[in-house]
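**Student:** First the structure, which I've put down as structure tokens, then a few questions once you've had a look.
Derivation of every value follows stated rules applied to the coordinates shown; laboratory data play no part. Every value quoted in this text rests on a predicted model; they were computed, and no experiment measured them. Note that we place each Cβ from the backbone using ideal geometry, even for glycine, and neighbour counts take in every protein chain shown.
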Amino acid sequence: MFATVREDVGAVMSRDPACRSPLEVWLCYPGFHALRFYRLAHALWGLRLHLLARIVSELGRWLTGIEIHPAARLGRGVFIDHGMGVVIGETAEVGDDVTLYQGVTLGGTGKDRGKRHPTLQRGVMVGVGAKVLGDITIGENSKVGAGAVVVGSVPANCTVVGIPGRVVRREGQRVGPASHDLEHADLPDPVEDEVTAAFRRLAALERQVRELEARLAERERCRL
Ligand SMILES: CC(C)(COP(=O)(O)OP(=O)(O)OC[C@H]1O[C@@H](n2cnc3c(N)ncnc32)[C@H](O)[C@@H]1OP(=O)(O)O)[C@@H](O)C(=O)NCCC(=O)NCCS
């Protein structure tokens, strides 16, 4: 138990540059407090004291604004920064050294039963306000951008952003073609397209007129 507490303190100190001492972690970090409630609630859940576990969990939510279901599985060195509004569902699995910011939801889609919450592997970071939904896996060391809504699994070492979440970096390399939407020099020009089409038709008509004139001239020659 002491080792777990030491790791939770170490996680805050190593990942939050604003943190200056272990005492500060004990006194000023709701994410750390929430983990204390969670670890007790999870132990009670393991002893099949489900209602008591839920009560401890609820007490933790009142005091920290962070809701972690006692049946969820959280690894070591997890860091919940700021924390307010974080929700971690019953069948969620959070690996070692994962970082979550305020407003993160590890939730269900509302359509499934059984395992219905996400699995975050070691070293994953989920940015402020992001929602990770359903029985999906976020691979090791991947990053979920602030505000993303992720509903599909993500491989290891990726960055996923947006709604719905899409992978934009894999192993540090940009993924997918460059966005032409933002390449102003390459924007389509409908007026230019129309003018080009009109010139093509004009050239075809000129060709037909020349052919008709040639045929008329030939007929005149024959008549003479
Ligand atoms: C996603 C994030 C982790 C950066 O990851 P990264 O692998 O370094 O990715 P990059 O910064 O190279 O950005 C990759 C692309 O995604 C875009 N992007 C980055 N974050 C984004 C976000 N939250 N939403 C939408 N697009 C985002 C970038 O503009 C970039 O686009 P480009 O490929 O067109 O240039 C970071 O932007 C982020 O969202 N961090 C969350 C931090 C947080 O929650 N802090 C709270 C403190 S209180």
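**Student:** Expressed in nm to one decimal, what extension gain is obtained for the pair Arg223 and Leu52 from 0.36 nm per residue of sequence separation less their Cα-Cα distance? Working shown, then result.
**Tutor:** Working: separation 171, 0.36 × 171 = 61.56 nm, distance 11.30 nm.
Extra length available between Arg223 and Leu52 comes to 50.3 nm.
**Student:** Would you mind computing, in nm to one decimal, how far apart the modelled labels at Asp112 and Leu216 are, each placed 7 Å from Cα along Cα→Cβ?
**Tutor:** For the pair Asp112/Leu216, the computed spacing is 7.7 nm.
**Student:** Of the options Gly103, Gly145, Gly89, report the single residue whose Cα projects farthest towards the positive end of the charge dipole of region 53-161 (beta-carbon charges: Lys, Arg +1; Asp, Glu -1).
**Tutor:** Gly89
**Student:** Report the calculated FRET efficiency for Ala156 and Asp96 (r = Cβ-Cβ distance, R0 = 22 Å), to the nearest 0.05.
**Tutor:** The pair Ala156/Asp96 has a calculated efficiency of 0.95.
**Student:** Dimensions of the chain along principal axes (Cα, Å, largest first)?
**Tutor:** Answer, in whole Å and largest first: 116, 41, 27 Å.
**Student:** What's the extension gain from Leu23 to Val195 if we count 0.36 nm per residue and subtract their Cα-Cα distance?
**Tutor:** On the way: separation 172, 0.36 × 172 = 61.92 nm, distance 7.28 nm.
Additional length available on full extension: 54.6 nm.
**Student:** Quickly rank 204-216, 40-52, 128-140 as a protection proxy: mean count of other C-beta atoms within 10 Å, highest first. Each step should come with its number before you reach the end.
**Tutor:** On the way: 204-216: 9.9, 40-52: 15.1, 128-140: 19.9.
Peptide ranking by packing, descending: 128-140, 40-52, 204-216.
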